[in-house]
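Chemist: Below is one structure. I have some questions about it.
The values are calculated or read from the model by the stated rules, or taken from the named source; none is laboratory data. Quick caveat, the model's predicted, so the values are computed rather than measured. Cβ atoms come from the backbone with ideal geometry, glycine included; neighbour counts cover every protein chain shown. Ligands, DNA and RNA are stripped out before the accessible areas are found, and what is left, the full protein with its side chains, is counted by its heavy atoms. Shrake-Rupley method; radii C 1.70, N 1.55, O 1.52, S 1.80 Å.
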Amino acid sequence: MTAQASNSPLNARLGEVTERIARRSQDMRRRYLDRLAAAAEATPRRQRLGCANQAHGFAACAPGDKAMLRAGAGANLAIVTAYNDMLSAHQPYERFPELIREAARAAGGVAQVAGGVPAMCDGITQGEAGMELSLFSRDVIALSTAVALSHQTFDAAVFLGICDKIVPGLVIGALAFGHLPAVFIPAGPMTSGLSNDDKAKARQLFAEGKVGRDALLEAEARSYHGPGTCTFYGTANTNQMMMEIMGLHLPGASFVNPNTPLRDALTKAAAERAIAITALGNDYRPVGRVLDERAFVNGVVGLHATGGSTNHTMHLVAMAAAAGIQLTWDDFSDLAGLTPLLTRIYPNGKADVNHFHAAGGMGFVIRELLGEGLLHRDVETVWGTGLDAYVQEPMLGPDGSLAWRAGADSSGDEAVLRGAKAPFHPTGGLTLLTGDLGRAVIKTSAIASERHVIEAPARIFHSQEALQAAFKAGELNSDLVAVVRFQGPRANGMPELHKLMPPLGVLQDRGYRVALVTDGRLSGASGKVPAAIHVTPEAVDGGPIALIRDGDPIRVDAIAGTLTVLVDAKEWAARVPVEADLELSHWGTGRDLFSAFRASVGTADTGATIFSVEAAER
């Protein structure tokens with residue numbers, strides 16, 4: 001029997017925001033669903049291909065698979081994989097295709113690897129030239145997914161992806177084939193190593209020159225030590241939360257460690273479920289209908305309730321647009337005001353995602369939010385109708401068979417996970433900032449309350465390296481707002497700027513009032529320093545951030561939701577935007593190949609994607 005959270009009515013304000021999104025998106029969504037209906041067919045498309053086309057499709061299959069595809073009787077399941085063995089989160093996927101093939105055969109179908117997509121590691125490229133390709137890789141992944149599915153010989157697809165840009169790119173690509181069911185299969189987090197808090201301390205000590213490189217490398221290697229996702233709550237693990245709360249994972253699948261019997265059983269069950277929900281059966285669940293405005297609202301609520309990655313203020317916007325839904329930063333802001341913060345996972349606390357999972361994990365979070373009417377209960381998911389099944393957790397029985405049981409109805413550790421009646425904070429972990437510097441977002445869940453408002457003179461930098469050099473030279477020992485500009489999507493691909501955090505953290509620990517303002521990114525690991533990020537319009541477009549001068553008083557106010565410069569209005573209006581020579585960011589390490597992306601990408605608040613309506617009209 002399915003466990004069920006208390007049946008509270010939907011929060012009225014959440015319903016209003018959802019209805020507003022639906023009205024705004026009505027024409028786009030209708031056109032999308034019309035295209036979906038035109039693409040949907042009750043019989044496998046491959047039967048309408050020419051004989052030579054079909055023969056190419058099953059030429060290398062095992063004899064039994066070949067016979068089934070030739071007869072056209074069973075479902076053909078596409079595997080779209082982001083496997084590589086450099087990326088710890090994706091290394092476990094090496095074993096998954098064979099598990100999926102076995103499960104598909106047992107369910108009366110066939111599974112084929114339809115294609116691979118790139119998967120870069122932001123941890124490796126942090127502070128390096130390759131990071132300037134990171135955000136663009138999301139759209140490359142979407143394009144690669146479309147190529148993989150373009151053979152029109154599949155009835156459903158499973159998607160193997162975990163990390164930052166990979167899952168959003170796979171979702172965008174899957175929605176281009178919205179008539180196909182789509183099940184996302186996680187690989188799970190690595191087991192806990194050196195605590196994230198101790199790792200951060202080692203980084204800060206290194207930034208201060210108190211320990212050497214050997215000590216830092218030892219700390220990093222003890223933290224990132226095996227297969228699986230990094231254990232802090234950054235974009236990769238926020239992706240997994242999001243896929244579960246939006247109904248594209250099996251219940252409770254997100255945070256089960258890799259290479260365990262339970263993980264393998266969940267992988268096989270996901271493949272079986274994908275076979276079961278094709279148009280060939282009586283439980284057809286195309287991904288383009290599963291991901292409606294209610295599912296995206298649930299995703300935003302989950303983001304706020306868990307203090308998730310700021311990257312999703314762009315990714316969710318781009319993903320929604322792929323489904324014909326117009327999601328805005330104002331929707332994020334309104335939903336943040338309704339949503340209690342239920343978790344403290346590093347960098348918002350000391351615990352990692354394994355501790356979160358053990359304390360009750362996703363089942364408890366979903367139960368609590370449903371109980372407060374803060375999730376749409378009546379959504380479609382890959383598992384069935386409604387979110388009630390997602391308050392359960394998977395287990396293996398004595399015979400090794402997979403089953404689900406009622407999840408935790410109380411937190412196992414209130415330092416990590418709390419109920420909605422006594423949250424860590426009454427509102428969500430992200431705040432929208434607006435003002436005469438434009439629009440930005442700030443992650444408040446990791447910031448001490450006494451630092452939610454910072455007012456200090458601006459120090460201008462056009463690169464991470466320039467700020468680091470100034471810090472090492474002892475030039476930053478004062479209150480300051482570090483303005484790091486020309487880091488937006490059109491300037492240089494909008495890299496993450498995590499190498500700013502150790503020096504700024506040192507300054508904050510010395511007692512200075514410090515904040516960051518940038519048109520670049522920080523993701524989920526932004527840490528304890530107040531950071532107004534994703535500033536739009538960006539500097540390269542002549543946005544107000546390009547008007548700031550050294551010494552200008554800047555106020556970052558996460559309580560009032562404002563981002564302002566305290567300069568005489570007449571003087572401000574007379575200023576001309578500064579320009580920067582960005583040539584060094586436009587060649588080398590493959591960046592030469594992405595000039596078309598930089599020229600056509602949309603703004604941060606429209607998803608920073610080449611697929612946005614705003615980008616297409618430029």
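Chemist: Report, in degrees rounded to the nearest 10, the 0 to 90 angle that the Cα long axis of helix 261-276 makes with the longest principal axis of the chain.
Modeler: 60 degrees
Chemist: Run the numbers on the chain and let me know its relative contact order in percent, using alpha-carbon pairs under 8 Å that are six or more apart. Working shown, then result.
Modeler: Working: 1398 pairs, mean separation 93.7, N = 618.
RCO, the chain: 15 percent.
Chemist: Let me ask something additional. For the chain, what is the mean residue ellipticity at 222 nm derived from helices alone (per DSSP H run of n ≥ 4: -39500 (n - 2.57); sum divided by total residues; nearest 500 deg cm²/dmol)? Don't jump to the answer; show the numbers that get you there.
Modeler: On the way: 24 runs with 229 residues, N = 618.
For the chain, the value works out to -10500 deg cm²/dmol.
Chemist: Next up: Would you mind checking the tilt of helix 235-245 against the longest principal axis of the Cα atoms of the chain, expressed as 0 to 90 degrees and rounded to 10?
Modeler: 50 degrees
Chemist: Continuing with this model, one more query. Gap in Å between the Cα centre of segment 475-498 and the Cα centre of segment 390-447?
Modeler: Value for the Cα centre distance between the two parts: 30 Å.
Chemist: Starting from the Cα of Asp85, step 7 Å along the direction of its Cβ; do the same at Leu584; then give the gap between the two resulting points in nm.
Modeler: 3.7 nm
Chemist: For a quick check of your reading of the filter: which trypsin sites (Lys or Arg not before Pro) in segment 168-216 sit in a DSSP loop and have no more than 15 other Cβ atoms within 10 Å? Don't skip to the end; give the middle numbers.
Modeler: On the way: sites: Lys199, Lys201, Arg203, Lys210, Arg213; in loops: Lys210.
Filter output for segment 168-216: Lys210.
Chemist: Then there is this: Do you know the relative contact order of segment 196-277, to the nearest whole percent, from alpha carbon pairs under 8 angstrom that are 6+ apart? Please report the intermediate quantities before stating the final value.
Modeler: On the way: 42 pairs, mean separation 14.2, N = 82.
Relative contact order, segment 196-277: 17 percent.
Chemist: Sequence gap at least 6, Cα distance under 8 Å: using those rules, report the relative contact order of segment 403-490 to the nearest whole percent. Kindly include the intermediate steps, with their values, before the conclusion.
Modeler: Numbers: 65 pairs, mean separation 17.0, N = 88.
Relative contact order comes out at 19 percent.
Chemist: Mind checking which of Phe159, Thr18, Pro92 is farthest towards the positive end of segment 12-159's charge dipole, using Cβ charges of +1 (Lys, Arg) and -1 (Asp, Glu) about the Cα centre?
Modeler: Farthest along the dipole direction, towards plus: Thr18.
Chemist: Using the Karplus equation 6.51 cos²θ - 1.76 cosθ + 1.60 (θ = phi - 60°), what ³J(HN,Hα) coupling, rounded to whole Hz, does each residue of segment 115-123 give in order, writing x for Gly and Pro?
Modeler: Karplus-based 3J(HN,Hα) across segment 115-123 equals x, x, 10, x, 9, 8, 9, 5, x Hz.
Chemist: Sort out for me the Cα centre separation of segment 115-154 from segment 5-41, rounded to whole Å.
Modeler: 28 Å
Chemist: Where does helix 312-322 land angle-wise versus the long Cα axis of the chain, in degrees 0 to 90, nearest 10?
Modeler: Tilt relative to the chain: about 40 degrees.
Chemist: Using a cut-off of under 14 Å, list every residue of segment 419-448 whose amide N is near the label point 7 Å from the Cα of Ser6 along the Cα-to-beta-carbon line.
Modeler: Only 419-423 fall inside the zone, counting backbone N under 14 Å.
Chemist: Could you quote the convex hull projected area for the chain, Cα atoms only and averaged over all directions, in nm²? Kindly include the intermediate steps, with their values, before the conclusion.
Modeler: Working: hull surface 109.3 nm².
That works out to 27.3 nm², a quarter of the Cα hull's surface.
Chemist: How much net charge surrounds Gly505 when only other residues with a Cβ under 12 Å from its Cβ are counted (Lys, Arg +1; Asp, Glu -1)?
Modeler: Working: positive: Lys201, Arg203, Arg451, Lys499, Arg510, Lys528; negative: Glu208, Asp509.
Cβ neighbours under 12 Å give a net charge of +4.
Chemist: Can you list the residues of segment 552-590 with backbone N under 16 Å from a point 7 Å past the Cα of Ile124, pointing along Cα to Cβ?
Modeler: 589-590, by backbone N distance to the label point.
Chemist: Take the Cβ-Cβ distance between Ala62 and Gln152 as r, set R0 to 22 Å, and report the resulting FRET efficiency rounded to the nearest 0.05.
Modeler: After rounding to 0.05, the efficiency reads 0.50.
Chemist: What number comes out for accessible area per residue over segment 63-138 if the probe is 1.4 Å? Units Å², please.
Modeler: Values: 2770 Å² over 76 residues.
Normalised by residue count, the accessible surface of segment 63-138 is 36 Å².
Chemist: OK, next. So between Cys51 and Glu16, what do we pick up on full extension, going 0.36 nm a residue minus the alpha carbon distance? All intermediate terms of the calculation are to be shown ahead of the outcome.
Modeler: Numbers: separation 35, 0.36 × 35 = 12.60 nm, distance 5.25 nm.
This chain segment gains 7.4 nm when fully extended.
Chemist: Follow-up. Taking H as built 1.01 Å from N, whose amide H comes closer than 5 Å to the amide H of Leu433, not counting residues under 5 places away?
Modeler: Residues meeting the amide H criterion: Ala440, Val441, Ile442.
Chemist: Please work out the C-alpha center-to-center distance from segment 291-368 to segment 535-579 and express it in whole Å.
Modeler: Distance between centres, Cα-based: 30 Å.
Chemist: Could you look at segment 510-549 and say what percent of its accessible area is carbon and sulfur, using a 1.4 Å probe and all protein chains?
Modeler: 54 percent
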